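**Student:** One structure is given below, represented as structure tokens, and several questions about it will come after.
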Amino acid sequence: MTASTETTGRGAGSSLSAWRQSKKARFRIILAFKYLIAAIVLVYSLFPILWTISASFSPSGSISGQTLIPSPPTLRNYERILDQDFWLWMRNSFIISSISALLVGLITLMSAYAFSRFRWKGRSQLLLMILLIQVFPAILAMVALFAILQQIGNYIPFLGLNTHGGLILIYMGGALGVNVWLMKGFFDSIPREIDESGKVDGASDWQIFWQLLFPLVRPIMVVSMILTFFGTYSDYLMPRVMITTASKFTLMLGLQTFIGTNYSQEWGAFAAGAVMGAIPMVTVYLLLQDYIVGGLTAGSVKG
Amino acid sequence: MAAIEVKPEKGPDSRRERPTTVGGTALRLLGLIIFDAFALFFIYLLLSDGYWPLASIIGAITLVINYVFLSPDAYPMRWMSPGLAFMLLISVYPILYTIYISFTNFGAANLLPKVQAISVLEQRTFLPETGATLQYTVFQNDETGEYGLWLIHPDGHSFFATTTDELEAEAIGAGPLNADGVPTAIPGWTQLTRAQTVRNITAISQTTFGREETAVSLTGRLGQAAQLQPRFIHDAQADTITDKRDNIVYTANNETGFFTAPDGTKLSPGFQVVIGMQNYKRFLTDPSFREPLLRIFIWNVVFALLSVLLSFALGLMIAVVFGRTMPGQRIIKSLLVIPFAVPQVITLLVWRGILNPLEGVVPNTLQSIFNQPVGWPPFFADPIWVKVALIIINVWLAYPYFMLISSGALQAIPTDMYEAADIDGASAWQQFRGLTLPLLLVTVGPLLISSFIVNFNSFNVIYLFNSGGPPMVGTALPAGHSDILISYVYNLAFGRGLALYGYASAITIMIFFMMVIVTIFQHRRMAAWEERTM
């Protein structure tokens, strides 16, 4: 405010009102320019998504001849993809992701509790190790993971290649990961007096953890499990490498195999599947937006 | 109140007395014993099949678990024992195992450990010159369920063969023969129908029938059995395999991983051996391997750098331009973030459809604007256009992240700094260069580098859009113009039936090293950035 009056003072004093007007006009022009940029970016960002939604209702069902406003809109594409194994893939994805999220959630929670409440030799080294291992993306270890599942599967068939159990086993590798740090932070924020009061009443560590602390961290745990769920749900590489039978495909693998080289014929049906496959994740994302954005910035800066 | 025992420090020591019950301890020990029994059995199985690396890590995990559950000092680690076990098995071990594989010939031709390769060979059979081919009919024992064969020799003689013996028709009290020369009834045995035989063919084929010297087993053809003999005999002492058919002796070559005859013929399957630096030497010294790898590497770096810089620039621009005052900026930003929430696989497959040069909406529009023929721009077939498309897509995927990060970081910059800059008469651009950007880089800088690592390995983008294509010409191994290292590794290991696990792992290790260097750089820079702004 002070700065602008100063500038004004330096300008031609006689045409103060004219300058004010031109400033207003300049502001308008800048704003219009900003909205122009906004429009361009919105088109860039949303066009692929709108085009997919439109394709899913398009009567032609093929990639050519699609218009932005489908005329007339039809549900035929949805019927077509549901005739495929869509529900089967969806079910596979939900089973794998739910079990992974549940197990990862429990492991994370118990580990974070120990890191927060106990001190022992090697504690800080272990915390550091958890962080360092994350530097190597699991994607780089695909050949080794493939070989490990193949070998384990010789003796424990339900954890071998081409099984949901094997895939879940792989997702367990990251269970003791960055989430432990975040969850540990939440445990740290819970006053220790709660633990002490439990101890006075003669509660064991397990009882303190399960009956006193767990209810307090449950909301965070649920959010973190949902994020794990969708991390697994949208994974592509591991199912691609490990799963070969069509009936065991996850949704992402199924959709990719379905569209494969059939863009000309199956575009509409694929779009319908894409819309249905994206809805759960987009919904959850919009609901948890603030938390996710916070986690993205906080969690990554911490390292 | 005062009577309550006060702990000396806030963080309780693991050694502090813990109420332990006898029952609890017994249960813990029992659980541990059961776990150990399973682990030891598993290790034994792995070792006897030659999987010593996996056996070692399972052994290490077992030791850790035992230490954690037996030592009172390690009590807190009991809480994370499952996570610890998974981390060792699925995070730590794969890194070590990848290093190991990169020094072996593990691949399609050398898939198995030596013991298993030998036993595969030992199961092979052949029909010696003196052996005969017989017609069989399957019978099943009513009590034991074991199989027996009624066999008709080409010379007309027929008899019954159980898994241990050959019996004449009279000896088993067989009924009269039917038109096919098969007894209508054998007491205690039931003849299987053709359909039943087919259904149980695997079990029956795995059995040998009759006396050892003239043992008969099924051949590939239905209804035909033969006096097959094991073809390969392994001599453990000399480590040779003798082919009984022509008596050629194959000697184990532990450098190449094959049993090799004097004339150089190799027995298939080969076995896994450590071959030292050969995988690395291949792409370091052989131009037909090195050239494509170098081109892939350069494109990989360019792709990751451009993706990070462009998406950061775009995200930052939006964050700065929209600021916090522009009416409607919140809703616009929320809309811009939607692509971020759709599973990547889906959006990538959508992009592949939209950019399809023949029928996709973007090329079709461009064709009519620039008056070009159908098929232009060649987003799939032309190396340059593919790369342009990939950058556009990857920026599309990544910039909402940077927009969010930048918006957050901008809010953290105190406004009085801008006021001070205003007083000094700094222009908007000067303020951005001298104030906003340096302060922003403190928080966003490390994220830029980790984002570089993520983009360096963005397999999904490359693989789902165009599978790394178009293919390069004249390379020793199939490679694509838009391949990055990780998609190249995937194709060498799992695509196109190559299964070059050893070579693929060697390239993976190179990526590992680059990641390590970048991470060290990241920590240095972080320290430097922090110092500069302190």
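The values are calculated or read from the model by the stated rules, or taken from the named source; none is laboratory data. As the structure is a computational prediction, the values presented were derived from the model and not from experiment. FYI the Cβ positions are ideal-geometry reconstructions off the backbone, even for glycines, and counts take in every protein chain you see.
**Student:** Are any residues in segment B:89-127 under 16 Å from the mean Cα position of the chain (by Cα) and farther than 30 Å from residue B:63 by Cα, and if so, which ones?
**Tutor:** B:107, B:108
**Student:** Would you say residue B:377 is outside any helix (DSSP H, G or I), crowded, with 17+ Cβ neighbours inside 10 Å, away from chain A (no Cβ under 13 Å) and touching a residue at least 12 places away in the same chain (Cβ under 8 Å)? Talk me through it step by step, then tell me what you get.
**Tutor:** On the way: outside any helix (DSSP H, G or I): yes; crowded, with 17+ Cβ neighbours inside 10 Å: yes; away from chain A (no Cβ under 13 Å): yes; touching a residue at least 12 places away in the same chain (Cβ under 8 Å): yes.
So residue B:377 fits the description; yes.
**Student:** Right, something else. Checking residue B:60 against (1) closer than 27 Å to residue B:247 by Cβ; (2) under 26 Å from the mean Cα position of the chain (by Cα), which single condition isn't satisfied?
**Tutor:** (1)
**Student:** Which condition number in (1) within 8 Å of another protein chain (Cβ to nearest Cβ); (2) surrounded by fewer than 16 Cβ atoms within 10 Å (Cβ to Cβ); (3) touching a residue at least 60 places away in the same chain (Cβ under 8 Å); (4) not polar (S, T, N, Q) is the one that residue B:339 fails?
**Tutor:** Here residue B:339 clears every test but (2).
**Student:** Still on this structure, please answer the following. Taking the options B:276, B:257, name whichever one is at positive phi and surrounded by 16 or more Cβ atoms within 10 Å (Cβ to Cβ). So that I can check it myself, show each step before the final result.
**Tutor:** Numbers: B:276 fails: surrounded by 16 or more Cβ atoms within 10 Å (Cβ to Cβ).
From the options B:276, B:257, the qualifying one is B:257.
**Student:** Mind listing whichever residues of segment B:75-111 are more than 7 Å from every other protein chain (Cβ to nearest Cβ), among the aliphatic types (A, V, I, L, M) and farther than 21 Å from residue A:177 by Cβ?
**Tutor:** B:99, B:108, B:109, B:111
**Student:** Where in segment B:153-233 are there strands (runs of 3 or more DSSP E), lying fully within it, with 3 or more residues that are within 22 Å of residue B:245 (Cα to Cα) and either touching a residue at least 40 places away in the same chain (Cβ under 8 Å) or more than 44 Å from the chain's Cα centre (by Cα) (or both)? Walk me through how you get there before you give the answer.
**Tutor:** On the way: elements: B:158-161, B:189-191, B:224-226.
So the answer is B:224-226.
**Student:** Hey, another quick one. Of the numbered conditions (1) under 29 Å from residue B:328 (Cα atoms); (2) surrounded by 12 or more Cβ atoms within 10 Å (Cβ to Cβ), residue A:100 satisfies every one except a single condition; which is it?
**Tutor:** Of everything listed in (1) under 29 Å from residue B:328 (Cα atoms); (2) surrounded by 12 or more Cβ atoms within 10 Å (Cβ to Cβ), residue A:100 misses just condition (1).
**Student:** Looking for something in a loop (DSSP other than H, G, I, E, B), more than 8 Å from chain A (Cβ to nearest Cβ) and buried (at least 21 other Cβ atoms within 10 Å of the Cβ) - is there at least one such residue anywhere in segment B:387-409? It would help to see each step written out before you state the result.
**Tutor:** Of segment B:387-409, the ones in a loop (DSSP other than H, G, I, E, B) are none.
The answer is no, given that none of the residues of segment B:387-409 is in a loop (DSSP other than H, G, I, E, B), more than 8 Å from chain A (Cβ to nearest Cβ) and buried (at least 21 other Cβ atoms within 10 Å of the Cβ).
**Student:** Okay, moving on. Checking residue B:320 against (1) more than 39 Å from the chain's Cα centre (by Cα); (2) farther than 30 Å from residue B:436 by Cα, only one condition comes out false. Which one?
**Tutor:** Just one mismatch for residue B:320, condition (2).
**Student:** Please give the helices (runs of 4 or more DSSP H) falling wholly within segment A:37-147 in which 3 or more residues are at pLDDT below 90 and within 9 Å of chain B (Cβ to nearest Cβ).
**Tutor:** On the way: elements: A:76-83, A:86-117, A:123-133.
Filter on segment A:37-147 gives A:123-133.
**Student:** Let me ask you something else. Here are some residues: A:210, A:181. Which one is more than 10 Å from every other protein chain (Cβ to nearest Cβ), assigned to a helix (DSSP H, G or I), touching a Lys or Arg at 6+ places or on another chain (Cβ under 7 Å) and over 17 Å from residue A:96 (Cβ atoms)? Don't jump to the end; show me each part of the working.
**Tutor:** Working: A:210 fails: touching a Lys or Arg at 6+ places or on another chain (Cβ under 7 Å).
Answer to the selection: A:181.
**Student:** Out of B:118, B:90, which single residue is at pLDDT 90 or above and closer than 21 Å to residue B:269 by Cα? Let's see the steps before the verdict.
**Tutor:** Numbers: B:90 fails: closer than 21 Å to residue B:269 by Cα.
From the options B:118, B:90, the qualifying one is B:118.
**Student:** Output the residue which, of all residues in segment B:154-170 that are in contact with a strand residue (DSSP E or B) (Cβ under 8 Å, 6 or more places away or on another chain) and over 13 Å from residue B:210 (Cα atoms), is surrounded by the most Cβ atoms within 10 Å (Cβ to Cβ). So that I can check it myself, show each step before the final result.
**Tutor:** Of the residues in segment B:154-170, the ones in contact with a strand residue (DSSP E or B) (Cβ under 8 Å, 6 or more places away or on another chain) are B:154, B:158-163, B:166-169.
Now narrow it down to the ones that are over 13 Å from residue B:210 (Cα atoms): B:154, B:169.
Values: B:154: 9, B:169: 16.
Per the criteria, the residue is B:169.
**Student:** Just to be sure I understand the filter: pairs with C-beta atoms under 7 Å, separated by 6 or more residues or on different chains, first member in segment B:420-443 and within 23 Å of residue B:312 (Cβ to Cβ), second member surrounded by 16 or more Cβ atoms within 10 Å (Cβ to Cβ) and small (Gly, Ala, Ser). Which pairs pass?
**Tutor:** Short answer, once both residue conditions are applied: B:431/B:421; B:434/B:426; B:435/B:421; B:440/B:406; B:440/B:409; B:443/B:409.
**Student:** Turning to a different aspect of this structure: Of the residues that sit in segment B:22-51 and are closer than 19 Å to residue B:115 by Cβ and in contact (Cβ under 8 Å) with a residue 40 or more places away in the chain, which one is nearest to the other protein chains (Cβ to nearest Cβ)? Working first, answer last.
**Tutor:** Taking segment B:22-51 first, the residues closer than 19 Å to residue B:115 by Cβ are B:41-51.
Next cut, in contact (Cβ under 8 Å) with a residue 40 or more places away in the chain only: B:48-51.
Details: B:48: 11, B:49: 7, B:50: 10, B:51: 5 Å.
Per the criteria, the residue is B:51.
**Student:** Please state which one of A:91, A:76 is touching a residue at least 40 places away in the same chain (Cβ under 8 Å), over 25 Å from residue A:213 (Cβ atoms), among the charged types (D, E, K, R) and surrounded by fewer than 18 Cβ atoms within 10 Å (Cβ to Cβ). Reasoning before the result, please.
**Tutor:** Working: A:91 fails: touching a residue at least 40 places away in the same chain (Cβ under 8 Å).
Answer to the check: A:76.
**Student:** Enumerate the helices (runs of 4 or more DSSP H) found wholly within segment B:421-507, keeping only those where 1 or more residues are more than 10 Å from chain A (Cβ to nearest Cβ) and within 21 Å of the chain's Cα centre (by Cα). Steps first, please.
**Tutor:** Details: elements: B:428-431, B:437-456, B:459-466, B:485-493.
Result: B:437-456, B:459-466, B:485-493.
**Student:** Just name the residue that is farthest from the other protein chains (Cβ to nearest Cβ) out of those in segment B:513-522 that are within 21 Å of the chain's Cα centre (by Cα) and farther than 13 Å from residue B:280 by Cβ. Don't jump to the end; show me each part of the working.
**Tutor:** Going residue by residue through segment B:513-522, those that are within 21 Å of the chain's Cα centre (by Cα) are B:513-515.
Filter once more, keeping what is farther than 13 Å from residue B:280 by Cβ: B:514-515.
Values: B:514: 11, B:515: 6 Å.
The selected residue is B:514.
**Student:** Can you tell me which residue among A:233, A:263 is surrounded by 16 or more Cβ atoms within 10 Å (Cβ to Cβ), at pLDDT 90 or above and either within 8 Å of another protein chain (Cβ to nearest Cβ) or closer than 30 Å to residue B:441 by Cβ (or both)? Give the steps one after another, and end with the answer.
**Tutor:** Numbers: A:263 fails: at pLDDT 90 or above.
Result: A:233 is the single residue among A:233, A:263 that is surrounded by 16 or more Cβ atoms within 10 Å (Cβ to Cβ), at pLDDT 90 or above and either within 8 Å of another protein chain (Cβ to nearest Cβ) or closer than 30 Å to residue B:441 by Cβ (or both).
**Student:** Of everything in segment B:94-115 that's among the β-branched types (Val, Ile, Thr) and in a helix (DSSP H, G or I), which residue is modelled with the lowest pLDDT? Quick ask: steps written out before the conclusion?
**Tutor:** The first filter runs over segment B:94-115 and keeps only residues among the β-branched types (Val, Ile, Thr), leaving B:95, B:98-99, B:101, B:104, B:115.
Filter once more, so that each one left must be in a helix (DSSP H, G or I): B:95, B:98-99, B:101, B:115.
Numbers: B:95: 93, B:98: 95, B:99: 95, B:101: 95, B:115: 90.
Only one residue tops the list, namely B:115.
**Student:** Still on this model: Please go through (1) touching a Pro at 6+ places or on another chain (Cβ under 7 Å); (2) of a type outside the set (Ser, Thr, Tyr); (3) on the phi < 0 side of the Ramachandran plot for residue B:496 and return the number of the only condition it doesn't satisfy.
**Tutor:** If we test residue B:496 against (1) touching a Pro at 6+ places or on another chain (Cβ under 7 Å); (2) of a type outside the set (Ser, Thr, Tyr); (3) on the phi < 0 side of the Ramachandran plot, just (3) comes out false.
Residue-wise test of (1) within 14 Å of chain A (Cβ to nearest Cβ); (2) within 30 Å of residue B:27 (Cβ to Cβ); (3) not hydrophobic (A, V, I, L, M, F, W, C).
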| residue | (1), (2), (3) |
| --- | --- |
| B:71 | yes, yes, yes |
| B:126 | no, no, no |
| B:134 | no, no, no |
| B:140 | no, no, yes |
| B:148 | no, no, yes |
| B:163 | no, no, yes |
| B:170 | no, no, yes |
| B:179 | no, no, no |
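**Student:** Now, a different point. Does residue B:130 qualify as being of a type in the set (S, T, N, Q) and either farther than 30 Å from residue B:241 by Cα or in a strand (DSSP E or B) (or both)?
**Tutor:** Values: of a type in the set (S, T, N, Q): yes; either farther than 30 Å from residue B:241 by Cα or in a strand (DSSP E or B) (or both): no.
Here the answer is no, as residue B:130 does not meet what is asked.
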